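Take a look at the structure below.
Just so it is clear, none of the values below were taken in a lab; they were calculated from the coordinates. Since we're looking at a predicted model, the values are computed, not measured.
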């Protein structure tokens with residue numbers, strides 16, 4: 001990616017953050033997370049191997065958080 005692509009990616013992430021913030025007062029974090037995971041699943045239909053790796057990475061990070069502070073996150 002070049003600098004223009006980097007800037008557009010940052011803009012995209014910022015827009016997603018804005019949407020999440022807009023709805024976070026109405027919906028619990030686990031509901032928003034479930035919606036986002038459903039979109040990941042939809043986006044990864046054509047590349048399930050990458051989708052599985054992404055979800056495995058997230059699962060491992062959540063497990064690390066739980067192991068470092070049991071009972072506080074999950």
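Using 0.36 nm per residue, how much length does the chain from residue 44 to residue 15 gain when fully extended, once their Cα-Cα distance is taken away?
That works out to 8.4 nm of additional length.
Run lengths n ≥ 4 of DSSP H only: what is the helix-derived mean residue ellipticity at 222 nm for the chain, with -39500 (n - 2.57) per run over all residues, to the nearest 500?
Computed mean residue ellipticity for the chain: -26500 deg cm²/dmol.
Can you tell me the Rg and Dmax of the stretch 1-43, counting just the alpha carbons, in angstroms?
My reading of the Cα-based Rg and Dmax gives 12.8, 37 Å.
Quick check of the Kirkwood formula: for the chain, what is the inverse mean of 1/r over all pairs of different Cα atoms, in Å?
Evaluated over the chain, this radius sits at 14.6 Å.
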